[in-house]
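Worksheet for the structure shown next.
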Amino acid sequence: MGNNKKVEIGFKFQVSSFKNGLTLIELLVAVTMFSSVMAAVVGIFTATVRGQARSLASQQLLNQTSFCMEYTGRALRMAKKDTAGTCTGTANLNYVKTRDGNGIKFLNYQDECQEFYWATTTDTSKLKEKIGSSDAVELTSDKLEVISFNIGPDDSWEQGDTEQPRVTIFLDIKGKGEGVKPVEQPRIKIQTMVSQRNLDTTE
């Protein structure tokens, strides 16, 4: 009887010792599951960060584009007819295209020669403004890239017609937000038309 008890106790000890240990297969399964969970967490976090970056870039693009269109539209609407031709180069002209069609110049309501134009270099592409003899001012930041800036039509800018001067502006602009892939950068194409506030009467 005593020998049987010792064998039973020894058997119980071996089973208990076996249950407290881990086999190589169990360890590999645990590591694999942990790696899968961590990969999913990292993927979700990365997607969230990228989504936030795209959202910020889109908001920045909308804000600056809205400002540019509103500012240029107001200035063009308040333009005056250049009766002497000191700004446009032709008497009684309301607006004139400049820089190979990438800009527009006019006499503003303060009798200053004002110009909006698209300036491109190897590194930047921006919308700029120049008033009188002062230096040009950038209307778009380094976070944006102006793809194109088109102006028209010019068939109502002279005195020799019966139409009120009007200007159509087309702006194609793209974001350059940090943390956003180039193919995922937000982009806007917007067009507006403004009519000169002052009546185009013969003087």
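Here, each number is a calculation from the coordinates, and none is a lab measurement. Quick caveat: nothing in here was measured; it's all calculated off a predicted structure. A quick note on method: Cβ atoms are made from the backbone with ideal geometry, for glycine too, and the neighbour counts reach across all protein chains shown.
When you filter the GluC sites (Glu not before Pro) in the stretch 130-197 for DSSP loop state and at most 14 other Cβ atoms inside 10 Å of their Cβ, you are left with Glu163, Glu178. Among Val146, Val37, Val96, the largest mean-square fluctuation in a Gaussian network model of the chain (Cα springs under 10 Å) belongs to Val37. A Förster radius of 30 Å, combined with the Cβ-Cβ distance separating Ala84 from Thr124, puts the computed FRET efficiency at roughly 0.25. Rounded to the nearest whole Hz, the Karplus-based 3J(HN,Hα) values (6.51 cos²θ - 1.76 cosθ + 1.60, θ = phi - 60°) of the stretch 81-97 follow the sequence 6, 7, 5, 8, x, 6, 9, 7, x, 9, 5, 6, 9, 8, 9, 8, 6, with x at glycine and proline.
Given just the C-alpha atoms of the chain, how large is their convex hull per residue in cubic angstrom? Intermediate values should be presented prior to the final figure.
On the way: hull volume 33.9 nm³, N = 203.
Each residue corresponds to 167 Å³ of Cα convex hull volume.
Helix 2-20 and the longest principal axis of the C-alpha atoms of the chain enclose an angle of approximately 10°. Sorting Arg54, Arg99 by the number of Cβ atoms found within 10 Å of their own Cβ, with the fewest placed first, yields Arg99, Arg54.
For the chain, the longest principal axis of the C-alpha atoms and the axis of helix 24-77 are separated by about 10°. Remark: the stretch 159-165, residue by residue, has Karplus-estimated 3J(HN,Hα) of 7, x, 10, 9, 9, 6, x Hz, where x stands for each Gly or Pro and the curve is 6.51 cos²θ - 1.76 cosθ + 1.60 at θ = phi - 60°. Relative protection proxy for 100-106, 41-47, from highest mean packing down: 100-106, 41-47 (other beta-carbon atoms within 10 angstrom).
Mean residue ellipticity at 222 nm, helices only, the chain: -13000 deg cm²/dmol; runs of at least 4 DSSP H residues each add -39,500 (n - 2.57), and the sum is divided by the number of residues. Look at where the Cα atoms of the stretch 19-97 and of the stretch 159-175 average out, and the two centres are 28 Å apart. Of the residues Pro186, Asn108, Gly132, the one whose Cα sits farthest toward the positive end of the charge dipole of the chain, with +1 on the Cβ of Lys and Arg and -1 on the Cβ of Asp and Glu, is Pro186. Absence of a disulfide-compatible partner, taken as no other cysteine beta carbon within less than 4.7 angstrom, is noted in the chain for Cys68.
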